[in-house]
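Shown next, in C-alpha cells, is the structure this report addresses.
The values are calculated or read from the model by the stated rules, or taken from the named source; none is laboratory data. Here the structure is a predicted model, which means the values were calculated and not measured. Because the Cβ atoms are built from the backbone with ideal geometry, glycine has one as well, and the counts that use them run over all protein chains shown.
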Amino acid sequence: MRPRTRTLQATLTLAVAGVLAAGMTVALAPAASAGTTLRASAAEKGRYFGAAVATGKLSTSAYTTVLNREFNSVTAENEMKWDATEPSQGRFSYTGGDRLVSHAQANGMGVRGHALLWHQQQPSWAQGLSGSALRSAAINHVTQVATHYRGKVYAWDVVNEAFADGGSGGRRDSNLQRTGNDWIEAAFRAARAADPGAKLCYNDYNTDGINAKSTGIYNMVRDFKSRGVPIDCVGFQSHLGTTLAGDYQANLQRFADLGVDVQITELDVMTGSNQANIYGAVTRACLAISRCTSITVWGVRDCDSWRGSDNALLFDCNGNKKAAYTSVLNALNAGGTSTPPPTSTPPPPTSTPPPTSPPPGTGGCSASVSLNTWSGGFVATVKVTAGANGTRGWTVSVALPGGSAVTNAWSATAAGSTGTVGFTNVDYNGQLAAGQVTEFGFQGTGAAPGATPTCTAS
Ligand code: G2I
C-alpha cells in the first residue's frame, strides 16, 4: 500500500547520539555481537539504529527475530498518532503504543514517540474543530499523551510536517495552522511541561538538502532557540529516491550548528543500483556529525514498507539481509565520531547556575507580556527579568478580563484560572541571576489580559 506519493529528493545521513532520559533501559553498550548487527555497531558509536514498527506484527516471529536482533530503537508507525491515541475527544487509548513500549523495554530498545500533532491522521472529531476549540484540544492532546509516556520515550516528534512543499519556505495550510502561527511553539511548550526528559523534535520530509523548505524550518528553529522555545532536535525523514543530494550532510550540519540534535527518522530508499550506496552515504553523513544521534528506517522488511513495490528497506520479505544492509553495517563499523552519549538529558535551556549571593527578592523582578489573540482565545508569552539581586523564585500576577479563563500554562504553575491569576516559577526557572530573562506562557479563552503584569521575587 502506498498512501501517497511524494517528490522524493536525494539525501543522505542520519544517526542520533543516544540521549537517554533517566530511567530508560537502552542497550547502548557494545554487546557480544558488536560489529555484526546494526544495533551493536550503532551503540558502539553512541547512536540508536531504529525501525518503525507496526505493533500488530510483534506476534510474527519472523518479524520480531529481525527486529530484536538488529535494532535498538523503535518508532510506532501509527499507534501513537492522534487518531489512535484520542479516538474521541478526551477519551485516550494507549493500547498499541503501550504494547510497543513494553516490547522495547523487554528488548533493550529506546522508543521515539511519533507524532503528537500532524495535519494527517487526526481523529474525525478534531477535523471538525477550528479556532480556540481546536487549539485547546490540540494542546490538551499534547499534554495528555506526553504525560502518559513521560520517562518512556527518549524523543518526541512534537510537530510533524508543518511546512509547505515547493519554493515558499513557509508553513503548510492546515486546520492547526489556522489557529495561529504560534501553534507550533505552544505545542513544544506543552510537551516540555509534560515530559521535561524527552528530546522534543520537529520532523519533516523533502528536507534532504539545503532547499527552500529546509531553510524555512532552519529559520524557525533559529528563532525558537533565540526566544527560548523548547526545541531539542530536528527529524529528517529521508524518504529517498535514486539519488542523494550532495549537500545532505551540510544541511544536517547547519541545523546541528544551531544547537539542536539531528535525527534521521524515517529512512527508506528507492530500489535500484544506487540503493546500497545511498544507504551507506546517509549513514556516513550521520556518523560525521556528533549531534546526529539516531537513524531510523521506516519499517523492517520490504514487505512491511508503506512504499510497497519500491523495496525500499534493508531486509527482503523473507528477512534476508540486502546489499543495502551490508552497506549500512560497513559504514557504521567504519567510523564517524564515537563520542559516548550523554547519560542523562541536559537541563532545560533556561536552567543556569543560581546567583552566588541571592539576598532574594530585594532586587525584584519585572514582567512583560506579548499576545497572540484570535476570536475567543489567546496565547500569552511572558518574559520575566530578574532585578539587581537575582531571584530564587518569582510569581507573576496577571489580571484577566471578566469572562476570560486560563486553560493551560507552561514553564510556570498557575494558581486559579480566572480573575487575577498568579503564575509561579517551576523547578528549573526560579533561580535567575541579576538581569537574567526567562519565559513562560499560558493559553486562555475569552479576551486577552490588557494590563502589564506585576512580578514579585522571592
Ligand atoms: O507516509 C509515510 C510517513 C510519512 N511521514 C510520517 C509518517 O507517519 C508516515 O507514515 C505512514 C505510515 O507508514 C502508514 O502506515 O503514515 C500513513 C498515514 O498517512 C500510514 O498509512 C495509514 C493508512 O493511510 C491508513 O489507511 C491505515 O488505516 O496506515 C493506517 C494504519 O494501517
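Sort out which residues of segment 203-243 are among the polar types (S, T, N, Q), surrounded by fewer than 20 Cβ atoms within 10 Å (Cβ to Cβ) and closer than 19 Å to GLY169 by Cα, and write them in order of number.
Within segment 203-243, ASN211, THR215, ASN219 qualify.
Considering ALA51, ALA62, which residue is under 20 Å from LYS322 (Cβ atoms), at pLDDT 50 or above and within 13 Å of the ligand (Cβ to nearest atom)?
Step by step, each of ALA51, ALA62 is checked, and only ALA51 is under 20 Å from LYS322 (Cβ atoms), at pLDDT 50 or above and within 13 Å of the ligand (Cβ to nearest atom).
Listed residues VAL426, VAL421, VAL437; which is modelled with pLDDT of 85 or more and either surrounded by 17 or more Cβ atoms within 10 Å (Cβ to Cβ) or in contact with a Lys or Arg (Cβ under 8 Å, 6 or more places away or on another chain) (or both)? Step through it out loud before you land on a result.
On the way: VAL426 fails: modelled with pLDDT of 85 or more; VAL437 fails: modelled with pLDDT of 85 or more.
Answer to the check: VAL421.
Is at least one residue of segment 274-292 of a type in the set (Ser, Thr, Tyr), more than 13 Å from the ligand (Cβ to nearest atom) and surrounded by 21 or more Cβ atoms within 10 Å (Cβ to Cβ)?
Yes.
Residues in segment 101-110: is at least one of a type in the set (Ser, Thr, Tyr), within 30 Å of THR64 (Cβ to Cβ), modelled with pLDDT of 95 or more and assigned to a helix (DSSP H, G or I)? Reasoning before the result, please.
Step one: list which residues in segment 101-110 are of a type in the set (Ser, Thr, Tyr), which gives 102.
Next, only the ones that are within 30 Å of THR64 (Cβ to Cβ) stay: 102.
Now restrict to residues that are modelled with pLDDT of 95 or more: 102.
Narrowing the set further to residues that are assigned to a helix (DSSP H, G or I) leaves 102.
Yes, some residue in segment 101-110 is of a type in the set (Ser, Thr, Tyr), within 30 Å of THR64 (Cβ to Cβ), modelled with pLDDT of 95 or more and assigned to a helix (DSSP H, G or I).
Out of the residues in segment 111-140 that are more than 16 Å from the ligand (Cβ to nearest atom) and not small (Gly, Ala, Ser), state the one that is surrounded by the fewest Cβ atoms within 10 Å (Cβ to Cβ).
It comes out as TRP125.
Quick one: in segment 299-318, which of the residues that are free of Cβ contacts under 8 Å to residues at least 24 places away in the same chain and touching a Lys or Arg at 6+ places or on another chain (Cβ under 7 Å) is nearest to the ligand (Cβ to nearest atom)?
Only one residue tops the list, namely CYS317.
Can you find even one residue in segment 177-198 that is within 16 Å of the ligand (Cβ to nearest atom) and over 22 Å from VAL382 (Cα atoms)?
Looking for residues that are within 16 Å of the ligand (Cβ to nearest atom) and over 22 Å from VAL382 (Cα atoms), one finds none in segment 177-198, hence no.
Against the condition farther than 16 Å from PHE163 by Cα, assigned to a helix (DSSP H, G or I) and in contact (Cβ under 8 Å) with a residue 12 or more places away in the chain, how does LYS213 come out, does it pass?
Against the criterion (farther than 16 Å from PHE163 by Cα, assigned to a helix (DSSP H, G or I) and in contact (Cβ under 8 Å) with a residue 12 or more places away in the chain), LYS213 does not qualify.
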